[in-house]
Structures are given as C-alpha cells and as structure tokens.
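A short write-up of the structure that comes next.
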Amino acid sequence: MMNYSADDICKAARAIQPYLTELLNAPNAQRLERQLEGLLSKVSLEQGSHMKLSHLLSEHQSTRDWIRLYLEESYPAEDILKALRIYYPLPGVERSVESPRYVCPVEKCNQDWYRQSREAEIPVCPVHGLKLMIDS
Ligand SMILES: [Zn+2]
C-alpha cells in the first residue's frame, strides 16, 4: 500500500490513465480504467475515494512503480514507460496482432505464416517449395 497525500494520488491517477494499456494486460487495463473513472469523479473524491485509488494503483507492480517514479522521483509522465522497460517487459509492448501474414503464391494452397520479427527469415511452402509472399 502506498502512502501518498490525497492530492498526489489524484494527480498521479489522472496522469497514469493514458498509459494503462501499456502497463497492464488488456483485461486488467480495462478494469482499472473503469474503476479510476468512477473514483476520480468529484463526488467520489469528496467521499474520500483516494484511499481506494491508492489501493488499486498499488495492486500491480507496473502501476506501483509508475506512481513511485512520477511522485517520488518527479519523472515526466511520458518518460516513465521507457524507464520501466529497462527493468522488465511490459505486457502492452506485445503487438503480435500486427504481425504480417505470408501465404503460398499457389492459388488454393492454404499454407500461411506470420512474421513475428523483422529478422525472421521468410520460409518456403513445404508443399510447393515456393517462397511465401506477403498477403495483401
Ligand atoms: Zn503451397
């Protein structure tokens, strides 16, 4: 549990919002986004929701570290992801959905392959022996 003033934790909770999808996996990021929105409303804050904010933001190591760098070490919000990635991989960095698909040039051949990195060599179709081509 973090020990920051109500003002600080509110400021940090607002600042961290655009970065949640980079700090947490998608279901956790969506859940936290919704919860923060509710807790940051004027009414909630007047009822002392900062304790809950502080608790939520300390549930995960990545958000806890983000808040610490922001509040204790005065990092600019836009530089914190870069700093955290030095220590551990963040879930939001995976972009496997954007891997381009390669297919066999022979019509009706359903061999395909997804290029996960730029260094990966493009394979040949095991049926036709032809180099796979990017699927447009
Ligand atoms: Zn083929």
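Bear in mind that the values in this text are calculations on the coordinates, not laboratory data. Computed from a predicted model, the values in this text were never measured in an experiment. Quick reminder, even Gly has a Cβ in these numbers, built from the backbone with ideal geometry, and neighbours come from all protein chains shown.
Just a few scattered comments:
- The alpha-carbon of Lys42 sits under 16 angstrom from the alpha-carbons of these lysines, leaving out residues fewer than 8 places away in its chain: Lys11, Lys52.
- Rounded tilt (10° steps) of 6-16 against the dominant C-alpha axis of the chain: 10
- Taking a straight Cα-Cα cut-off under 14 Å and skipping sequence neighbours fewer than 8 places away in the same chain, the aspartates and glutamates within cross-link reach of Lys108 are Asp135.
- Principal-axis analysis of the Cα atoms of the chain puts helix 26-39 at an angle of about 30° to the longest axis.
- FRET efficiency, 1/(1 + (r/R0)^6) with R0 41 Å, evaluated for Leu45 and Gln116 via beta carbons: 0.40
- Estimated from helices alone, the mean residue ellipticity of the chain at 222 nm is -12500 deg cm²/dmol (sum of -39500 (n - 2.57) over DSSP H runs with n ≥ 4, per residue).
- Helix 61-71 vs. the chain, principal-axis angle (Cα, 0 to 90°, nearest 10): 50
- Label point distance in nm, Lys131-Tyr88, each placed 7 Å from Cα along Cα→Cβ: 4.2
- Debye equation applied to the C-alpha atoms of the chain, log10 I(q)/I(0) at 0.11, 0.13, 0.14, 0.18 Å⁻¹: -0.55, -0.64, -0.69, -0.93
- Residue order, fewest to most surrounding Cβ atoms within 10 angstrom, among Tyr102, Tyr75, Tyr88: Tyr88, Tyr75, Tyr102
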